[in-house]
Amino acid sequence: MTGLASALRTLAVTAAAGLFTVTGAVTSAPAAPAPPVPAAPEPKAPREFVALSSVDRTILQEMRYTTPHNFVGEPVDGYRQPVCILTRPAAEALHRAQVRLLARGYTLKVYDCYRPQRAVDHFVRWAKDLADEAMKKEFYPLVDKSRLFADGYIAEKSGHSRGSTVDLTIVRLPARPTRAYVPGERLVECSAPRAERFPDNSVDMGTGYDCFDTLSHTDDPRVGGVQRANRQLLKGALVEQGFVNLPEEWWHFTFKPEPFPSTFFDFPVARRSVAGH
């Protein structure tokens, strides 16, 4: 009986430790599943940012990076909804420019406003993939893709991410709608005559938007007549309200002084990012 009692005590100790011997195999008791790790909340915009439509509902918005009609050829990371977000001073300055242009029979149209850092990172990844030239025919027909960084068309940081830079044009009223881009459709060089390139309800600026070509330089001497006058109309209306043009891009303007001159934000382009502002 003493040997039996000893064996029973050994079995009890083994069971308490969660180990059971079955035909010579030792199996551990199953561990409880780990609780799910909650997803990190999306960053929101500081209160200094607003949706442009909350300041001026008359400015047209054609947010290209929410669509595949851009030099990447697909919607860009971070663009959740086609909404223009800017710092409030920049949005209010656009409103003042719009009031003056409306009186002359024109309206502003924005293509891009605040741009999250994750979108810039997407551009960088795309630029490094030299095999992806799906949109070359339209957006950079004369530029070797290996030169995009060296020539300044792509960079790892963008002033757009600071919230006071905007890409835009002007449209003659009454504004006709721009037809939707159809992925896979025949592409035409962005520097081609207006009647040949992708239709845009913008006045003729000499090139399309985001055209990687020296013809896009605001004061390129090859651009004259009505095209030059249209560029100067846009530039004059915005400079009057505190914007500074990037000389290499007729469409690119930054409001000065910038509320966030050295901060590159990464909240998504979505209405919820500025909800309640």
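The values are calculated or read from the model by the stated rules, or taken from the named source; none is laboratory data. All of these numbers come straight from a predicted model, not from anything done at the bench. All Cβ positions, even for glycine, are placed from backbone atoms using ideal geometry, and neighbour counts span all protein chains on display. Surface accessibility is based on the protein's heavy atoms, side chains included, excluding ligands, DNA and RNA. Shrake-Rupley method; radii C 1.70, N 1.55, O 1.52, S 1.80 Å.
Just one of (1) part of a helix (DSSP H, G or I); (2) of a type outside the set (A, V, I, L, M); (3) touching a helix residue (DSSP H, G or I) at 6+ places or on another chain (Cβ under 8 Å); (4) open to solvent by 10 Å² or more (accessible area, probe 1.4 Å) fails for K137. It is (3).
Listed here are the residues, each with its yes/no results for (1) under 22 Å from R231 (Cβ atoms); (2) touching a residue at least 24 places away in the same chain (Cβ under 8 Å); (3) among the small types (G, A, S); (4) in a strand (DSSP E or B).
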{"site": "V50", "(1), (2), (3), (4)": "no, yes, no, yes"}
{"site": "V76", "(1), (2), (3), (4)": "no, yes, no, no"}
{"site": "V83", "(1), (2), (3), (4)": "no, yes, no, no"}
{"site": "P89", "(1), (2), (3), (4)": "no, yes, no, no"}
{"site": "L101", "(1), (2), (3), (4)": "yes, yes, no, no"}
{"site": "L108", "(1), (2), (3), (4)": "yes, yes, no, yes"}
{"site": "H122", "(1), (2), (3), (4)": "no, yes, no, no"}
{"site": "R125", "(1), (2), (3), (4)": "no, no, no, no"}
{"site": "L130", "(1), (2), (3), (4)": "no, no, no, no"}
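Scanning the range 137-161 for residues being within 17 Å of G78 (Cα to Cα), out of contact with any Pro (no Cβ under 7 Å at 6 or more places or on another chain) and touching a residue at least 60 places away in the same chain (Cβ under 8 Å) gives a total of 3.
Pick out the one residue from D204, D210 that is at pLDDT 95 or above, part of a loop (DSSP other than H, G, I, E, B) and open to solvent by less than 20 Å² (accessible area, probe 1.4 Å). The unique qualifying residue is D210. Here S146 clears all of (1) over 23 Å from V226 (Cα atoms); (2) of a type outside the set (D, E); (3) buried (at least 16 other Cβ atoms within 10 Å of the Cβ) except the condition numbered (3). Would you confirm whether any residue within the range 219-233 is closer than 19 Å to I59 by Cα, at pLDDT 95 or above, open to solvent by less than 60 Å² (accessible area, probe 1.4 Å) and not charged (D, E, K, R)? Checking the range 219-233: at least one residue is closer than 19 Å to I59 by Cα, at pLDDT 95 or above, open to solvent by less than 60 Å² (accessible area, probe 1.4 Å) and not charged (D, E, K, R).
A count restricted to the range 140-179 and to residues that are among the hydroxyl-bearing types (S, T, Y), out of contact with any Leu (no Cβ under 8 Å at 6 or more places or on another chain) and either under 24 Å from D204 (Cα atoms) or in a loop (DSSP other than H, G, I, E, B) (or both) stands at 4. Checked against (1) closer than 18 Å to L234 by Cα; (2) open to solvent by 40 Å² or more (accessible area, probe 1.4 Å), T67 passes all but condition (1).
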